[in-house]
Structures are given as C-alpha cells and as structure tokens.
Amino acid sequence: MQRRRQAAAAHGPRDEEPRQVTGDLFWGARGGGPRTPHWRHRRLLRSLWAGDMEPETARRRFLFQCDLGDPISSIHLGPAGSCMAGSVQGRVWLVGGSRSSSRGASWDGAAPPRAELLAGFSDEGVRGLFVDEDAVHATFAENCKVWTRSKPHIQQTGICFRSLDRKNTQSVKHVLQRGAWACVIFPLSTTLVNVARREHHHRPFKLFDYGSSADVAPCDFDGEQLVLINRTRSDLGPSFHLVHLERNEQKDLMDVPDAMYVSLVKLWGPDCIACVVGKTLQLYDHRKDELRFMLCGHAAEIIAVDARSEDCIATLSADAIVKLWCGRTGACLRTLHVPGANFFLAYPYCLCMQDQRVLVSSDEGVWLLELSPLSDTV
C-alpha cells in the first residue's frame, strides 16, 4: 500500500473526475465549484416553490430617508400624489403636497418633487398622518400639528388633546388613527378627534377596566371599533377584545385561531379581523366565529398589513415582497418585489396602499411603488 502511494505521488495528482453539470444556476464554469445563486434566481426558485410566478418589480422611488435609531413610525398616501412619513423621534416629511399639482401620483417627464421636512426632532413620536384639500396633519402623543398644504407650508394652530377635557389631568396612554379620526386613549377616558374638522367626541371606554396598561394594549382602530390584546393570563396565551366605542359594547374573541402565535392584528371590514401568524394572514369572522380565509404564499414572515380596504388587502414580508389579495375571494392579485429595501432591524414597519400606489417603510426609509394596470397582474 505504501509503494502504491509513493508511485501515485511520483506521477503527480490524478485528473479530476468529470463534474456533473446542471446548468449555470448553481455551478460555475468548467472546473468551478458551487456558487450562490443570483438574487433573481433565488427569487424565482422561492416564488416557484410557493406556487407563484416570478414577482413583478413595480416602478419605485425612494422618498424619505430615516436615520439609524429613528425609524419610520407612520406613513400616509394623500390626494394628488401627496405622500407623508413620520418618525419615532418626531420628524415629519411631505412630498408632492402642493394643492395645485396636476400630475397626480405619476411624475413622468419631470423630476419628482423633493421631500420637505415639516418638523424636526422632538420628544414625541409621530402616531398618525393625514392630508386633506387644505392642510397637512401630523398626530403625536399629546397633540396634533397642522401645516398649510400649499407652500411654504406655514404651521397653524394645532390641537392639544389634554385641553379637550378641562377635568382631565391624566396623560395620554395610546393614540391610534384611521384617516382623519384619531382615537386618544387615557386610562379613564377616551376621546375621538377629527383632526381635519377639529371636532371631538368623548366616549365612555376606559382602558383601566380591562387591566394594567402593561398587559392590555390597543392593536387597531377603524373609526368606530377598537381591538385590544390582553396578556394578563400568560399561561393561557393572549386574548382579544372588540369594543364599539360609541355604544361601549364589548365582545370577547375567544376562538381566534392560533392566538398564541399572532404577531399582528388589524380590523378588516365590520365583521372580521386580520391576524398575522408567521407567513400566513388569517381573516377571522368574529360574528360567525369562523375562519373566512387563510392567505398563504409568502416565503418569509409577514411584518406589515394594510387592511383598510374591504376589496383589497396588502401584506409585506421580511424578504421585501408585497402581496395584494382579493378581499372577496382570498386570491392573490399581485406579487411585487421591492429591490433595495431591507428589513433586518426588526422595526414596526408600515404599509399603505391607495389606488395604484403602495407606500412601504424599510430600514432605509420609505419607498413608493407605482403599479401598472391590473392586466399585468401576477
């Protein structure tokens, strides 16, 4: 055996055996080893494995850049192509907000308008945004700031939430916003504020009645209803409560599927809630106590949902894939990819959809997707 080894060493190394070639997807040139697939190939294989076609890459624009440690906390799509974003440290951006703009959401043939910084750093984070025909609104924890929509965006008199009730000496616990309506929750009272019309209505709902603020928190608000998560019983998992604010009626949602693993909850229409469980979005009908749809197809965890429309639901996953779902059938209408967007910092990401525009927040900032007609759906 030793002699054979010496003879082999004297004649030099043996020629390599022919390598099985399976195309240039995973293998390099002749004599090369395996290499990492191109990102387009990875997306193609992932989408084929999930049962979808190749995701389309919509026309995109990077609108707002955020800083490390100051992530985006709220985004909004307004009329005439206007877009807004707010950060955890109180910065507010606006782009395309001119009332006289006639180009709408598309900026073909011209450079896109530059983002304007309306508010700098502050102690309060942005909780909600809204644009109407005359003004731009940014909702914070204690107040709502207002600017004129037309340039030079002069700041106007805002709304102080604590001053709406002179008897109230408590601090605001939570602020949620849907459109022009902001739900301001104190420990022992709740006030609905229309930031555009500057009107408010007191509601009898008391967060203190449901337990400690460390265990009970609101998940979503749709203008009339509020959905709460309650983690008082850690051994049994979280429970969910639906509250109609005007009537002060409560319903315990006892049969939510996979409640222990729900990471995100949104109100969808008058009868359903949308629950994220890993890579799946479950539409649960709380009036019939049954699961209406289970939307599957993402290859990574879902990190943001826009369920404001009953006709179309948008979901964003951690691999920069946006899916649009039909609310009537549960079918996937479109699959979009956002090149350049990263989601490694585990922020509470935002997703907003309006007509043919989709706004996405990522680690870098905010991206605007402009969609082609539905004839090109995936």
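The values are calculated or read from the model by the stated rules, or taken from the named source; none is laboratory data. Keep in mind that what you see is a predicted model, and the values were worked out from it rather than measured. All Cβ positions, even for glycine, are placed from backbone atoms using ideal geometry, and neighbour counts span all protein chains on display. Just the protein is used for accessible areas: all its heavy atoms, side chains included, with ligands, DNA and RNA removed. Shrake-Rupley method; radii C 1.70, N 1.55, O 1.52, S 1.80 Å.
Using the structure shown, select from Lys173/Lys251; Lys206/Lys279; Lys145/Lys266; Lys167/Lys206; Lys173/Lys266 the pairs with a Cα to Cα distance greater than 24 angstrom.
Over 24 Å Cα-Cα: Lys206/Lys279; Lys145/Lys266.
Ordering Met353, Met260, Met84 by how much accessible area each has at a 1.4 Å probe, largest first, what is the list?
Reading off the accessible areas and sorting them downward yields Met260, Met353, Met84.
Using θ = phi - 60° and the Karplus form 6.51 cos²θ - 1.76 cosθ + 1.60, what ³J(HN,Hα) does each residue of region 57-63 get, whole Hz, x for Gly and Pro?
Per residue, the Karplus-derived 3J(HN,Hα) values read 9, 6, 4, 10, 9, 8, 9 Hz.
If you rank Asp67, Asp255, Asp222, Asp355 by how much accessible surface each has, with a 1.4 Å probe, what is the order from largest down?
In descending accessible area the options line up as Asp355, Asp255, Asp67, Asp222.
What is the dipole size for region 266-359, taken about its Cα centre, with +1 at each Lys and Arg Cβ and -1 at each Asp and Glu Cβ, in debye to the nearest 20?
100 debye
With every protein chain kept in the model, how would you rank Ile273, Ile229 by accessible area, 1.4 Å probe, largest at the top?
Heavy-atom accessible area, descending, gives Ile229, Ile273.
Based on alpha-carbon positions alone, could you give the equivalent ellipsoid semi-axes of region 281-378 from the gyration tensor, as √(5λ), descending, whole Å?
After diagonalising the Cα gyration tensor, the semi-axes are 22, 17, 12 Å.
Just read off the accessible area of Arg162 with the full protein assembly in place, 1.4 Å probe, to the nearest 10 Å².
Surface accessible to solvent at Arg162 totals approximately 90 Å².
What are the semi-axes of the equivalent ellipsoid for region 195-326, taken as the square roots of 5 times the Cα gyration tensor eigenvalues, largest first, in whole Å?
After scaling each eigenvalue by five and taking roots: 25, 19, 14 Å.
What are the ³J(HN,Hα) values, in whole Hz, obtained from phi via the Karplus relation 6.51 cos²θ - 1.76 cosθ + 1.60 with θ = phi - 60°, for each residue of region 81-95 in sequence order, with x given for Gly and Pro?
Listing the rounded values in order: x, 6, 9, 10, 8, x, 10, 5, 9, x, 6, 10, 10, 9, 9 Hz.
Scan around Ser73 for amide H atoms under 5 Å from its own, H built in the peptide plane at 1.01 Å from N, and keep only partners 5 or more places away or cross-chain.
Gly86, Ser87, Val88
Could you report the accessible area of Lys151 in Å², rounded to 10, computed with a 1.4 Å probe on the protein chains as they sit in the structure?
140 Å²
Which listed residue (Ser239, Pro187, Ala214) has the Cα farthest towards the positive end of the charge dipole for region 181-242, taking +1 on Lys and Arg C-beta and -1 on Asp and Glu C-beta about the Cα centre?
The residue sitting most towards the positive pole is Pro187.
Provide the per residue accessible area, probe 1.4 Å, for region 118-202, rounded to a whole number of square angstrom.
That works out to 48 Å² per residue.
Please list, in order along region 341-348, the HN-Hα scalar couplings obtained from phi with the Karplus expression 6.51 cos²θ - 1.76 cosθ + 1.60 (θ = phi - 60°), rounded to whole Hz, x for Gly and Pro.
Per-residue couplings from phi come out as 8, 10, 9, 9, 8, 6, 6, x Hz.
Counting only protein heavy atoms and a 1.4 Å probe, tell me what percentage of region 274-378's accessible area is made up of carbon and sulfur.
52 percent
Given an 8 Å cut-off on Cα distances and at least 6 residues of separation, report the relative contact order of region 220-378 as a percent.
Dividing the mean separation by the residue count of region 220-378 yields 11 percent.
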